[in-house]
Ligand code: GAL
């Protein structure tokens, strides 16, 4: 680590002397659902306990597209926030533009190099998710599994449906649920939600290696060949199980349909678990979590990172900023935050005693998938590609899903062309 030791020690001395100093902390995020707000509340409370002022900077919109637009405006006008929920390749882009600040002193003091789960460490190093030019600029916060199918067991029972393990079984169950008068698939009306569903179907049809070839290597043939056509075909079949009122629906409203016995299934990352938890629903009893049919043993991940900006403001704000970075990776924060968020901690020393069946299953699946080369980055949550490529994919996928006459073969060709021009 390239820090001068005397500089770091002086800085840390100042930090310990002034940690009760009031600095302002403004973290841009899109954690606005009930479960997400509970999780952010943990951070706010800790920062306030440490003597800082928490200035709320939440921009609604799962997936974060609106938040990223606001972030660009704030940064370009010379007034970036303390930090932002900023992920994937975008971190390198912001680093190249000179916007990010170093967290090396905190990282050294808190031994960030040796506390992460080895599988998380491998991911953040491979994808350059926390460092720019060899310096820490972001803190890994929490790890989500995206390829989950959430189930309302009550409706399944009433409909006489069986929990599906393949896509074919999914459609059999969905038909039964529809016949029993329930919405089979709770789904919202935002493009990123379509992409999340598409990504799950793609993993199921293509397998982990095929997924990597298409969405990480961006192999243009894999993006347009017969297998991709099949992905679009299966994806389109899902549409008939979504109710006609899905337009404009947010992901958490879709989860509420399961909570209130209106819909039987949702395909969504485990931030959905935060919603069940906020309504005191119990995993394994009130709701079930199973891998998206056909993706058993695979794990598509979404690693949330908070990235830190160079501040022009006063010293207290800078001290508060470093205190924020330190807090994010402490074991107790990691635990409390992830319990609300539905995710799993990124540190290796967080006791898992309070986690429910779904989180424990997620941790186990994560480790097994890592061993078996079945761990894939989620493109719909910005972990696999640049934002430009991601937007191009989401555009094609979402238009296809919305157009009843769209042809799977033409869509696969369009996908390949759109990715090529965005690369
Ligand atoms: C993801 C984010 C998750 C979750 C989700 C829905 O992009 O990484 O933490 O909040 O959006 O808002």
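The values are calculated or read from the model by the stated rules, or taken from the named source; none is laboratory data. This one's a predicted model, so the numbers in the text were calculated from it and none came from an experiment. Using ideal geometry, Cβ is built from the backbone for each residue, glycine included, and neighbour counts are taken over all protein chains shown.
Of the set (1) in a loop (DSSP other than H, G, I, E, B); (2) modelled with pLDDT of 95 or more; (3) more than 28 Å from residue 277 (Cα to Cα), all apply to residue 31 but (3). Residue 349 falls short on exactly one of the conditions (1) in contact (Cβ under 8 Å) with a residue 40 or more places away in the chain; (2) out of contact with any strand residue (DSSP E or B) (no Cβ under 6 Å at 6 or more places or on another chain); (3) closer than 21 Å to residue 362 by Cβ; (4) crowded, with 20+ Cβ neighbours inside 10 Å, and that condition is (4). I'd like to know if segment 393-402 contains one or more residues that are at pLDDT 95 or above, touching a helix residue (DSSP H, G or I) at 6+ places or on another chain (Cβ under 9 Å) and not in a helix (DSSP H, G or I). No, segment 393-402 has no match at all. Looking only at residues of segment 101-122 that are in a helix (DSSP H, G or I) and within 20 Å of the chain's Cα centre (by Cα), we find that the one that is farthest from the ligand (Cβ to nearest atom) is 118. Per the conditions (1) part of a helix (DSSP H, G or I); (2) within 16 Å of the ligand (Cβ to nearest atom), the sole criterion not satisfied by residue 125 is (2). Within segment 81-100, if we keep just the residues that are assigned to a loop (DSSP other than H, G, I, E, B) and surrounded by fewer than 21 Cβ atoms within 10 Å (Cβ to Cβ), the residue that is nearest to the ligand (Cβ to nearest atom) turns out to be 89. Residues in segment 67-78 that are touching a residue at least 12 places away in the same chain (Cβ under 8 Å) and out of contact with any strand residue (DSSP E or B) (no Cβ under 8 Å at 6 or more places or on another chain): 68, 78. If the condition is being in contact with a helix residue (DSSP H, G or I) (Cβ under 7 Å, 6 or more places away or on another chain), buried (at least 22 other Cβ atoms within 10 Å of the Cβ) and under 23 Å from residue 109 (Cβ atoms), then segment 330-344 contributes only 337. As for segment 323-330, it holds at least one residue that is within 16 Å of the ligand (Cβ to nearest atom) and not in a loop (DSSP other than H, G, I, E, B).
Checked against the criterion of being at pLDDT 95 or above and crowded, with 20+ Cβ neighbours inside 10 Å, the candidates 263, 208, 226 yield just one match: 263. Here's a check for you: in segment 240-272, which residue that is part of a loop (DSSP other than H, G, I, E, B), in contact with a helix residue (DSSP H, G or I) (Cβ under 9 Å, 6 or more places away or on another chain) and within 16 Å of the ligand (Cβ to nearest atom) is farthest from residue 284 (Cα to Cα)? Here the answer is 249.
Scanning segment 390-423 for residues that are within 16 Å of the ligand (Cβ to nearest atom) and over 30 Å from residue 289 (Cα atoms) yields a total of 0.
Here's the yes/no breakdown for (1) within 14 Å of residue 333 (Cα to Cα); (2) surrounded by 20 or more Cβ atoms within 10 Å (Cβ to Cβ); (3) more than 9 Å from the ligand (Cβ to nearest atom):
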position	(1), (2), (3)
33	no, yes, no
39	yes, yes, no
44	yes, no, yes
71	no, yes, yes
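The residue list 104, 133 contains one member that is more than 24 Å from residue 190 (Cβ to Cβ) and surrounded by fewer than 16 Cβ atoms within 10 Å (Cβ to Cβ), which is 133.
Among the candidates 308, 333, which residue alone is in contact with a strand residue (DSSP E or B) (Cβ under 7 Å, 6 or more places away or on another chain) and not in a loop (DSSP other than H, G, I, E, B)? So that I can check it myself, show each step before the final result.
Numbers: 333 fails: in contact with a strand residue (DSSP E or B) (Cβ under 7 Å, 6 or more places away or on another chain).
The conditions single out 308.
Among the residues of segment 147-191, just one is within 16 Å of the ligand (Cβ to nearest atom), surrounded by fewer than 21 Cβ atoms within 10 Å (Cβ to Cβ) and outside any loop (DSSP other than H, G, I, E, B), namely 191. Scanning segment 367-388 for residues that are surrounded by 21 or more Cβ atoms within 10 Å (Cβ to Cβ) and either free of Cβ contacts under 8 Å to residues at least 60 places away in the same chain or within 16 Å of the ligand (Cβ to nearest atom) (or both) returns 376, 377, 378, 379, 380, 381, 382, 383, 384, 385. Here is a check on your reading of the model: is residue 369 more than 25 Å from residue 298 (Cα to Cα), at pLDDT 95 or above and either in contact with a strand residue (DSSP E or B) (Cβ under 8 Å, 6 or more places away or on another chain) or part of a loop (DSSP other than H, G, I, E, B) (or both)? So residue 369 fails the test.
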